[in-house]
Amino acid sequence: MTAFNSDLARSVIVDVLRAEGRALNELAASIDPAFVTAVQWLVECPGRVITCGIGKSGHIARKTAGTLSSTGTPSLFLHAAEAVHGDLGKVTADDIVLLYSHSGETDEVVNLFVPLGAIGARTILMTGRAESSAGRAASLVLDTGVREEACPNNLAPTTSTTAMLALSDALAIAAMTLRGFTREDFARYHPSGALGKRLLLTVGDVMRSGDDVAMVQPADAVVTVMRAITAAGAGAACVVDERRHLLGFISDGDLRRWFLESEDPRSGTASDMMNPTRWTLEPELMAIEALEVFQNLAKKVGEMPVVDADGTLLGLLVLKDLLRCGIV
């Protein structure tokens, strides 16, 4: 076994990156009307964009279907080999089929054009050989311009798949932009992601309510307040009147200070301990904005009451719940 040559490894890495970078720069400089037409077809497609390929190109096709779907273009992946064994039933005349084949001679891809034409679907081919069999059969051809791989044997798909991936991303983002797809739209398709939660979750979604909120009356004794906080599992109690209008707030710190500073702690009431000038939040406020409110307060607190426009208590927002909900 020969000794590992670190200088050679570094040289190869640099050469591959430079080769693939040059290919992308050349592709960007060669964008012709066909690419613009492809974007128009994607935007105006009445059905779905079905991506199709096999092997390494198939991996790019599958990833592209996910990118398109998440950016506002309904899409799905069709495996080229499975297509002729029944999966062509996924395709309708309203669909566009985006096929991937660097050589344009891949049998599984070439053999799809006749049945796709019979179905009535338009086809777009992404290839490095525009004059290939697939190129002559496609409704529209997107030539990546890649004639040589970064692989020293010119065999392993490297530069060609890089160009396909980058071009696919460009088409998806162009379609997204022309469609007017917004951050809010993106969030609807990513409800479990951090961005989706930042744009969708409100204080009302995250706040505690019902039995999880400690509510006491002004005349309630100290021990009643402590029991309410313990039962709710929160670190504070909200003082309300008979109509649940918020009158004040008692934090765990307020309780401790009362016991340390009062001559007869057990004789006190909720009104004696409460802080009547607490901060409050509205349920419609975005959760990420509520987190900023917590972070910007000069006095750090762990809970805030949530009230409506009339001051009626709706719930309690706990800082640790905000941190757990996935917005950060």
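Given the criterion open to solvent by 70 Å² or more (accessible area, probe 1.4 Å), assigned to a helix (DSSP H, G or I) and farther than 30 Å from A187 by Cβ, identify the matching residue among V114, V36.
Of the residues listed, the single one that is open to solvent by 70 Å² or more (accessible area, probe 1.4 Å), assigned to a helix (DSSP H, G or I) and farther than 30 Å from A187 by Cβ is V114.
What's the total number of residues in the range 293-328 that are free of Cβ contacts under 8 Å to residues at least 60 places away in the same chain and open to solvent by 30 Å² or more (accessible area, probe 1.4 Å)?
12
So R129 passes all but one of these: (1) over 25 Å from T159 (Cβ atoms); (2) at pLDDT 95 or above; (3) assigned to a loop (DSSP other than H, G, I, E, B). Which condition number does it fail?
(1)
When the range 145-181 is examined, which residues are found to be assigned to a loop (DSSP other than H, G, I, E, B) and under 29 Å from the mean Cα position of the chain (by Cα)?
Hits for the range 145-181 are T158, G180, F181.
Can you work out which of the residues in the range 1-20 that are part of a helix (DSSP H, G or I) and of a type in the set (S, T, N, Q) is surrounded by the fewest Cβ atoms within 10 Å (Cβ to Cβ)?
S6
Quick check on the range 53-68. Is at least one of its residues outside any helix (DSSP H, G or I) and open to solvent by less than 40 Å² (accessible area, probe 1.4 Å)?
Within the range 53-68, one or more residues are outside any helix (DSSP H, G or I) and open to solvent by less than 40 Å² (accessible area, probe 1.4 Å).
Could you give me the residue pairs with C-beta distances under 7 Å whose first residue belongs to the range 215-226 and is within 11 Å of I250 (Cβ to Cβ), whose second residue is surrounded by fewer than 18 Cβ atoms within 10 Å (Cβ to Cβ) and of a type in the set (K, R) wherever it lies, and which are 6+ apart or on separate chains?
From residues that are within 11 Å of I250 (Cβ to Cβ), the pairs are V222/R266.
Name the single residue that is nearest to the chain's Cα centre (by Cα) among those in the range 125-139 being closer than 17 Å to L27 by Cα and open to solvent by less than 70 Å² (accessible area, probe 1.4 Å).
M126
Kindly establish whether D94 is of a type in the set (D, E, K, R), open to solvent by 40 Å² or more (accessible area, probe 1.4 Å) and in contact with a Leu (Cβ under 9 Å, 6 or more places away or on another chain).
Taking the combined requirement at face value, the residue does not satisfy it.
Kindly establish whether S251 is open to solvent by 40 Å² or more (accessible area, probe 1.4 Å), within 17 Å of A228 (Cα to Cα) and of a type in the set (S, T, N, Q).
Taking the combined requirement at face value, the residue does not satisfy it.
Taking E284 as the residue in question, decide whether it is surrounded by fewer than 15 Cβ atoms within 10 Å (Cβ to Cβ), outside any loop (DSSP other than H, G, I, E, B), among the charged types (D, E, K, R) and within 33 Å of the chain's Cα centre (by Cα).
No.
Scan the range 254-274 for residues that are closer than 21 Å to V318 by Cβ, assigned to a helix (DSSP H, G or I) and open to solvent by 40 Å² or more (accessible area, probe 1.4 Å) and report the count.
Selection size over the range 254-274: 2.
If I filter the range 216-246 down to residues being in contact with a helix residue (DSSP H, G or I) (Cβ under 8 Å, 6 or more places away or on another chain), over 17 Å from V301 (Cβ atoms) and assigned to a strand (DSSP E or B), which single residue comes out as most open to solvent (accessible area, probe 1.4 Å)?
Checked the range 216-246; the qualifying residue most open to solvent (accessible area, probe 1.4 Å) is A221.
The values are calculated or read from the model by the stated rules, or taken from the named source; none is laboratory data. No experiment lies behind these values; they were computed from the predicted model shown. Positions of Cβ are generated from backbone atoms using ideal geometry, with glycine treated the same way; all protein chains shown enter the neighbour counts. Surface accessibility is based on the protein's heavy atoms, side chains included, excluding ligands, DNA and RNA. Shrake-Rupley method; radii C 1.70, N 1.55, O 1.52, S 1.80 Å.
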